[in-house]
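Derivation of every value follows stated rules applied to the coordinates shown; laboratory data play no part. Here the structure is a predicted model, which means the values were calculated and not measured. Heads up, the Cβs are rebuilt from the backbone with ideal geometry, glycines too, and the neighbour counts pull from every protein chain shown.
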Amino acid sequence: MRMTPRHPTGFNTDAHIDAPALAHPRACSCALHSRRLFGSAFLAGGAVALAGPALAQEGVQGDVGRESRFTKLVSAEQVEAAAAQQYAQMMREAAQKRALAPADDPQLQRLRAIANRIIPFSSPWNARAEQWKWEVNLIGSQQVNAFCMPGGKIAFFYGILQKLQLSDDEVATIMGHEVAHALREHARERMGKTAATRLGAGLLSGLLGLGGAGDALLNMGGQLLSLTFSREDESEADIVGMDLAARAGHNPRAGISLWEKMMAVSKGAPPEFLSTHPSGPTRIRDIEAKLPKVEPLFARAPRPERRFGPPPLRAG
């Protein structure tokens, strides 16, 4: 009889969770057995304060384009509500499979500590983030994946922490990248483009008025974990994520070692011109090009008081 591997606390780290496995560190959430919302109370506990308006003008903000016009075609409130619903469903599924990390799990504590440092720097990128009910969870799956859904719903799969043996700075790089997707509303933009191409001008007018066509938008909520971001979205999330991690006291150079690890586990991936994502070498070059802008932020940032290590590799 084959026994399912379990964490010492009873957390199942080898469950199958129905969510897309993506080719980059983006994706998934888990069903929360004892659901915790991360709003102002979460940030109050040891959060890093913003260092004033001057700091917000530094970094890479000047390198990021304006909000896409397609985001105007869908309601941010509806996208965030759909994300919260889908996230909660995933949490329930993971909890039923004992694949949702308990609050005392060391790796979940690690993720929440890093998020606690990153989140305070989110509002200059998106004012709505101050009202988001942030959640951070860990799912017991061997997928190499992580994500942040609209509205601040963060989840990591155990596999990305274990298989890549991530340092705290590398975790912060991934988390910053995923949070950047949410802050820059890339999912909302993609849904807006879908609405523009599929629904037609007549239905769009009703959608903008939130009439009966609003139901069509809500039905699109199921796409949130299967949306494919463009190369431009991915590149933007990389540099915004570097900025967030650096301000939070995590070394932005970790993006280089992270993508070296990602390339090692992604052998056989299609060449860049066949992919919607920039290749590993391209991402590393882009990271290196932005380091002069974000390293001064890191140099001034307070360092984390506590450091964590990755979970042990699986035996055999």
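Leu313 versus Ser123, label points 7 Å from Cα toward the beta carbon: distance in nm?
Going by the 7 Å Cα→Cβ label model, 4.4 nm.
What is the gain in length, in nm to one decimal, between Ala264 and Glu232 on full extension, counting 0.36 nm per residue of separation less the C-alpha to C-alpha distance?
Numbers: separation 32, 0.36 × 32 = 11.52 nm, distance 2.33 nm.
So the extension gain works out to 9.2 nm.
What order, most packed first, do the peptides 78-90, 94-106 have when packing is the mean number of other Cβ atoms within 10 Å of each residue? Before the final figure, lay out each step's value.
On the way: 78-90: 20.5, 94-106: 18.8.
So the peptides 78-90, 94-106, ranked by packing, come out 78-90, 94-106.
Need one word for the range 74-157: rounded, prolate or oblate. Basis is the Cα gyration tensor (sqrt eigenvalues a ≥ b ≥ c); a/c below 1.5 gives rounded, then a/b vs b/c decides. Intermediate values should be presented prior to the final figure.
Details: a/c = 2.38, a/b = 1.34, b/c = 1.77.
Oblate shape, in that a/c is at least 1.5 and b/c is the bigger or equal ratio.
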